[in-house]
Amino acid sequence: MTEKKENLKVRTRFAPSPTGPLHIGGVRTALFNYLFSKKNKGDFVLRIEDTDMERSKKEWEYDLIKNFEWLQIAWDEGPVLPEGGEIDFKNYKPAYLGQHAPYRQSERKELYKKYLQELLDQGKAYYCFCTKEDVEAQKEYLMSIGEPPVYRGKCRDLTKKEAEECLKQGKDSVIRFRCPVNRKLAFDDLIRGRVEFNSDIMGDFVIAKDMENPLYNFVVVVDDDEMEISHVIRGEEHLSNTPKQLLLIEALGFRVPQYAHLPLILGTDKKKLSKRTGETSVAQYKKEGYLPEALINFIAFLGWNPGTDKEIYSLAELVSDFSMEKIQKAGAIFNIEKLMWINGFYIRKKTLKELTELLLPYWEEAGFIEKKSFNIYSVKETGEEIEFEKLEKIAALYQERLKKLSEIIEFTDLFFKKNLIYEKELLRWKQMADAEVAESLKESLSIIMGLTEKDFNKSNLEKILMAEAEKMANRGNLLWPLRAALTGKKTSAGPAEIAEALGKEKSAERIKKALSLFS
RNA sequence: GGCCCUAUCGUCUAACGGUCAGGACAUCAGAUUUUCAAUCUGGUAAUCAGGGUUCGAUUCCCUGUAGGGUCACCA
């Protein structure tokens, strides 16, 4: 039964259930499957496990595909988004790419039925008519005496005739797998090495509610075989499902794939990453302004590393350097600090145009600007027009300050607001007296007014400003009140660059406003 | 509770059985700065415990401890 799929093409799969938003753990599993298959010139398959019709939703399936598109993780086979705009989820059906379509389990029921019937006919599976309550009570009892809580009902000894009789009477039933007694089940996990289980710990588990509703452990085995999956790479939470699947594979006469159980991604509480201990949905990270390349780079390094000091990796580089042997065995805590650092790094790497384009939706979302025509936006609060190049200048000021794109809102509101609201005290640098602050602002104002519209740029401003500032006891005496007047903030980029981005008129206006606080 | 998995700085991790136990993030100090950021320099910081095996264990073995996963008519 341990005949391996050697010499076969490498084929991996990611098989999510569309029961919620795509989460980080899912991305990691998908990523490693993708990397391994690409590294080995193989195929990567996406299969939608929607056998649980109650919990599965097409919206989630759509969300999943959308997010992978954003992450740029592409599959060779599986569902792809239909062309066109609005999605009607009631009738939503993806197109399928590949030889083994459909890739949705809900559309593959005939296949499962065939194998289910086969197991039933061979007596390897049987109908069970025990009530949920009875099974539950038995489990609790077994647990209380320290035995494995497995099904040891009587239905396994029912003759086919008796079973048929019960079926005819319309008794509630499920289909169980006849689990062999005291069988050693071993496999060589690519990450963990040899792992052994005894068949007695699982009892006769349920493989289908009925002929129409097969369950996870059964369908996985059928699909993986039918789709010729060579390597099953999945989270460690599936480790204990493996012996059940091994048994099913044997019963159905399938070939055993190679298994690789990935360490879990942990929350700060060291438990499996969940909503409680940190954001888990990819969509949320996207919304906050994490770049896909940062997320991929970061997630790849959760439980894997190339064995060198290189830490910045594109998806393509990951493919070429990936190796299963370098995968960690222990779980890894999702460390948001490092993600932020990597994200900041990738933000700094963007061209100004790219960055500005990425920021546009955030400014629009915040209600700062509105697109008017190609390259022209209007500032909503003032009605002024602002062209893309100007927005680029603003973006440039914050490129090295951003850790995530959404931060741009709090950084740049000053460019889009009519009036700034701040305390008078903000304008004071160290121990300056009121009169000194006013004097300083007047000096700045005259410098600004002294420049023509044409000469009003960062380098000219900096030259004059610094020359003046040097004359003072402390450069801050000139620079701080000016910067504070222009921005209304404790922290920001330098005054010259802010003034340039703001423009002469607006800069002057802001200084006058600040000055008015001292009269 | 049964079964299974795991264990190096706070975090992610490197180290054919021989290294001053290395790197990155975070942190601290310094340089640069009007502020913040970025950048540069430097520092603090780890082999879970106890037994073996060995000339020599972070590394191999055992026991313990701790953490995690899983025991559905979910996946």
Fraction in percent of alpha-carbon pairs per bin - 5 Å, region A:18-77
4, 18, 28, 24, 16, 8, 2, 0
Trypsin sites (Lys or Arg not before Pro) lying in DSSP loop within region A:281-331, provided at most 12 other Cβ fall within 10 Å:
A:310
Please list A:51-58, A:254-261 highest first by mean number of surrounding beta-carbon atoms within 10 Å per residue.
A:254-261, A:51-58
Helix A:336-349: inclination vs chain A longest Cα principal axis, degrees, rounded to 10, gives 60
Fewest to most Cβ atoms within 10 Å: A:177, A:388 sort as A:388, A:177
Treating only the Cβ of Lys, Arg, Asp and Glu as charged (+1, +1, -1, -1), what charge dipole size does region A:200-269 show about its Cα centre? Round to the nearest 20 debye.
120
In whole angstrom, the spacing between the Cα centers of region A:331-373 and region A:436-481 equals 32
Extension gain (nm, one decimal) between residue A:308 and residue A:209, 0.36 nm per residue minus Cα-Cα
30.6 nm
Can you bin every Cα-Cα distance in region A:134-216 into 10 Å intervals starting at zero and give me the percent of pairs per bin, rounded to whole numbers?
15, 36, 33, 13, 3
Of the peptides A:477-489, A:121-133, A:495-507, how do they stack up when ordered by the mean number of other Cβ atoms within 10 Å, highest first?
A:477-489, A:495-507, A:121-133
Which cysteines in chain A lack any other cysteine whose Cβ sits under 4.7 Å from their own Cβ?
A:130, A:166, A:179
Cross-link list A:39/A:353; A:39/A:287; A:350/A:393; A:161/A:209; A:393/A:417: which exceed 25 angstrom alpha carbon to alpha carbon?
A:39/A:353; A:39/A:287
Can you work out the base-10 log of I(q)/I(0) for region A:356-414 at q = 0.27 1/Å, using the Debye formula on its C-alpha atoms alone?
-1.25
Under a crude label model (7 Å from the Cα following the beta-carbon direction), how far is residue A:198 from residue A:467 in nanometres?
9.0
Residue by residue through region A:188-201, which ³J(HN,Hα) values in whole Hz follow from phi under the Karplus form 6.51 cos²θ - 1.76 cosθ + 1.60 (θ = phi - 60°), with glycine and proline marked x?
9, 7, 5, 9, 9, x, 6, 10, 10, 9, 10, 4, 5, 7
Nearest 10 degrees is fine. How inclined is helix A:352-365 to the longest principal axis of chain A, computing both from alpha carbons?
80
State the Kirkwood hydrodynamic radius of region A:224-373 in Å, one decimal place, computed from all pairs of distinct Cα atoms.
18.5
Kirkwood hydrodynamic radius of region A:346-454, Cα pairs, Å
16.1
Using only the Cα atoms of region A:162-253, construct the convex hull and provide its projected area averaged over every direction, in square nanometres to one decimal.
7.2
Rounded to two decimals, what is the ratio between the C-alpha radius of gyration of region A:283-365 and 2.2 N^0.38 Å?
1.22
Please say if region A:250-331 is rounded, prolate or oblate, where rounded means a/c under 1.5 for a ≥ b ≥ c the square roots of the C-alpha gyration tensor eigenvalues, and otherwise the choice is prolate for a/b larger than b/c and oblate otherwise?
oblate
Exposure proxy check on A:199, A:323: fewest-to-most Cβ neighbours within 10 Å is A:323, A:199
Measure nothing fancy, just the Cα-based angle from helix A:458-471's long axis to the longest principal axis of chain A, in degrees from 0 to 90, nearest 10.
60
Going from the fewest other Cβ atoms within 10 Å to the most, one would list A:363, A:70 as A:70, A:363
Starting from the Kirkwood Rh over alpha-carbon pairs, what translational D in µm² s⁻¹ does region A:83-166 have by Stokes-Einstein at 37 °C and 0.692 mPa s?
192
If all Cα-Cα distances of region A:263-305 are sorted into 5 Å bins from 0 onward, what percent lands in each bin, rounded to whole numbers?
5, 21, 24, 27, 19, 3
Per the Cauchy relation, a quarter of the hull surface: what is the mean projected area of the convex hull of the alpha carbons in chain A, in nm²?
32.6
Provide the packing ranking of A:97-107, A:415-425, A:12-22, i.e. peptides ordered by the mean count of other C-beta atoms within 10 Å per residue, highest first.
A:12-22, A:97-107, A:415-425
Rounded to the nearest 500, what is chain A's calculated 222 nm mean residue ellipticity when only DSSP H runs of at least 4 contribute -39500 (n - 2.57) each, over all residues?
-13500 deg cm²/dmol
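Each value in this text was obtained by applying a stated rule to the coordinates, not by laboratory testing. Values in this document were obtained by computation on a predicted structure and should not be read as measured data. Neighbour counts are summed over all protein chains in view; Cβ atoms, including those assigned to glycine, are modelled from backbone coordinates with ideal geometry.
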